[in-house]
Amino acid sequence: MSASLVGSEMCIRDRMQAVLFAAAHGTGAAGLYSLGFGLGLGWLRRRTGSIWPGVLLHGLNNCIVFCLQK
């Protein structure tokens, strides 16, 4: 496979997982936030080669959101 094909497939996969992440985490503003967060987590997974940094970041995000709720 050519490098450009692999790159475009990765981009499509990242977008698909981000959309699924957003769909699972809310609608409206929360959905948009989740979409951006999901894209960031996909980038982090590609960059590090592991899901664990994203898992930790997701957990940290959940703790922050929980603590900021009234």
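The values are calculated or read from the model by the stated rules, or taken from the named source; none is laboratory data. Everything numeric in this text was worked out from a predicted model, so none of it was measured. Here the Cβ positions follow ideal geometry from the backbone for every residue, glycine too, while neighbour counts run over all protein chains shown. Heads up: the accessible areas ignore ligands, DNA and RNA and are worked out on the full protein's heavy atoms, side chains in. Shrake-Rupley method; radii C 1.70, N 1.55, O 1.52, S 1.80 Å.
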Only helical DSSP H runs with n ≥ 4 go in: add -39500 (n - 2.57) per run for the chain, normalise by residue count and round the 222 nm mean residue ellipticity to 500 deg cm²/dmol.
-30000 deg cm²/dmol
Quick check for you: with a 1.4 Å probe and neighbouring chains kept, what is the accessible area per residue of the chain, in Å²?
76 Å²
Read through the labelled values [x] -0.31, -0.42, -0.48; [y] -0.27, -0.38, -0.43; [z] -0.37, -0.51, -0.58 and report the label of the one computed as log10 I(q)/I(0) by the Debye sum over Cα atoms at q = 0.11, 0.13, 0.14 Å⁻¹ from the structure.
[x]
For the chain, the accessible surface attributable to carbon and sulfur atoms (probe 1.4 angstrom, ligands and nucleic acids excluded) amounts in percent to 71 percent
Helix hunt in the chain: which complete DSSP H runs extend at least 27 Å axially by C-alpha with mean Kyte-Doolittle at least 0.0?
3-25, 28-48
Order by protection proxy (mean Cβ within 10 Å, highest first), peptides 45-58, 14-27:
14-27, 45-58
